[in-house]
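None of the figures in this text is laboratory data; all of them are computed from the coordinates on show. Everything quoted here is computed from the prediction, not taken from an experiment. Because the Cβ atoms are built from the backbone with ideal geometry, glycine has one as well, and the counts that use them run over all protein chains shown.
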Amino acid sequence: TRRVTIKQGMVTPSDGHNEVVGVKKSTSDDRQLQNDADDLADLKENVYFNDYLMERIISFVPNIKDRVNIELCSKRMQYLSMRSPYSSYCLDNSVLDINYTMVEPTMSLNVAGNRVNVPSLTSAERIASEMPISEQPGLCILVTRALLKRFTKQIKEVRLGGITDCERRLGYIPDHQLVVTRDLCEVFDGLPHAKSLSLRNCCLTADVLQYWSRQDSALMRRISSLCFHSIWFDRAEDCEFFVNIVPPNVRRLHLSDCGAQTIMNLAKRVQMIGSNVDYFYIALDFRTFKNATEALSVLKKVNAVAKELHLCICMTNLAIEPGYHALLEALPRLVDLSAITTLQLDVGAFRPLNYQGYERFFGGLIYMNNLKSLFLSGRAIAHQSLPMWSAIVNGVAQLSTLEFLSVHELCKNVRAENIDELCTTLPPTLLSFSIGNSTRFSDDNMMHLVQRCPTLVSLYLRGLRKVRLQTLASAVISLGTLRRLAICRMGPMDESMY
């Protein structure tokens, strides 16, 4: 084997022979580099002058300031940028969320990852003013109109008013009450694809109610989903008049923090339209009804105008309130409402005062033939209230059509053998199961669960400290149809589990 040394222009063998080999410079590498450069130039030219590709590329620049810089490059880039949607990652880019994030009455316009703060008119400011105010600040309308001009084609849902759930829990920011004015409604008329409208802690003026009640209202004519949460009016008579803003083509209604009269008026409006809504969501608490008679009459009216009824009932610990007793007395009669497909029930605390009502309710679950989803939560069941756990187990076992079951906090102190009663009697048709904060949920409970419900598609486990990792892995492997798995507060996971 001869060792050779490479020098510029020649190769000299190291064996001592006077042998010089001339190296001819090859131009193949240069040609290849030139061809690559030409191909790259052609590729750049083909991409840059391809409007479709450039629109897709520009759409992944969601920040408005960056978009403005792109538009300043040339008229062509300005044209393409105005046509391109805003595609932000991990966000619903079709939602315009207008809420409050500051102590001052400054509302934030949030869309596709962009946030713009503008001044607004609140009820507190309007009351404190000596002169009547019926318009938003000029800067609010100007900025909102300019912002929506960029997102006109992609906004399909408008959420107006209120604060975020995180801010509500922290309690640092007041829940400002936005005054919805006529000029703000006219700005929203420029959204041709808006199909959903949510009003949260808003005061609707008489001008707005009259404007939205007209048949030529551009926004309301397109709305098919409405959400009302804690809405207020300037006059008492507007409580009945406001239902006229519900358009004939509405298919979904969401009501929370609304009184019995408001719910009844909306149900009558749907009945007058002549077409039942596809989905009706109502959140109830001790402030909703005054007595059981009122509660039953309202719920029966809603049941008659809804194809699917979703009830969310919060039974707080304020047992002295008349509204609590009204819900407790009406609870066993819910089994007569055939439209209920989803029921969320926060039982609060079990005590001798409510034993009879809950026993009648859980005993009548067998008559809820259309119930698909059941969410149960509340305070941990005490040892003296274990008969209530047995009532829950027997009631759930009778739901032959149940597809989703969630039990949280209730079984925190329930013994493993009592939890096993639930795991071994669950409906075999169950597709989703969720359980949380059970300190005594054991390995045997987990295995009995997957044996009883082998067709589970989603499984959510939270705070089950006694379940071992090996048992959890074995349970997941045995569920061949499992597609969604959530595990939280159950200790460290090794790589094999992932």
Problem set entry | Beta bridges per DSSP with both ends in the chain, % antiparallel, nearest 5 | 20 percent
Exercise. By average Cβ neighbour count within 10 Å, what is the ranking of 249-259, 133-143 from highest down?
Worked result: 249-259, 133-143
Problem set entry | Relative packing of 367-379, 67-79, which averages over residues the other C-beta atoms within 10 Å, highest first | 367-379, 67-79
Problem set entry | In order through the stretch 323-338: 3J(HN,Hα) via Karplus (6.51 cos²θ - 1.76 cosθ + 1.60), integer Hz, x for Gly, Pro | x, 5, 5, 5, 5, 5, 6, 7, 4, x, 7, 5, 5, 7, 8, 6
Exercise. Is the shape of the stretch 371-498 best called rounded, prolate or oblate, per the rule: a/c under 1.5 gives rounded, else a/b larger than b/c gives prolate, else oblate, with a ≥ b ≥ c the square roots of the Cα gyration tensor eigenvalues?
Worked result: oblate
Exercise. With charges set only on the Cβ (+1 for Lys and Arg, -1 for Asp and Glu), what does the dipole of the chain come to about its Cα centre, in debye to the nearest 20?
Worked result: 540 debye
Exercise. Using alpha-carbon positions, what is the distance between the centroids of the stretch 432-460 and the stretch 161-213, in Å?
Worked result: 42 Å
Exercise. Gain in length, Asp278 to Gln398, computed as 0.36 nm per residue apart minus the alpha-carbon separation, to one decimal in nm?
Worked result: 40.6 nm
Exercise. Counting only residues 5 or more places away or on other chains, whose amide H sits under 5 Å from the amide H of Ile313 once H atoms are built in the peptide plane?
Worked result: Leu284, Gln344, Leu345, Asp346
Problem set entry | Structure-derived Rg/Rh (Cα atoms, Kirkwood Rh): which label, when the choices are (i) 0.98; (ii) 1.15; (iii) 1.05 | (ii)
For this session: Give me the angle, in degrees from 0 to 90, between the Cα long axis of helix 138-150 and the longest principal axis of the Cα atoms of the chain, rounded to the nearest 10.
Result: 60 degrees
Seminar exercise, completed: Rounded to the nearest 10 degrees, the helix 469-478 long axis (Cα) sits at an angle to the longest Cα principal axis of the chain of 90 degrees
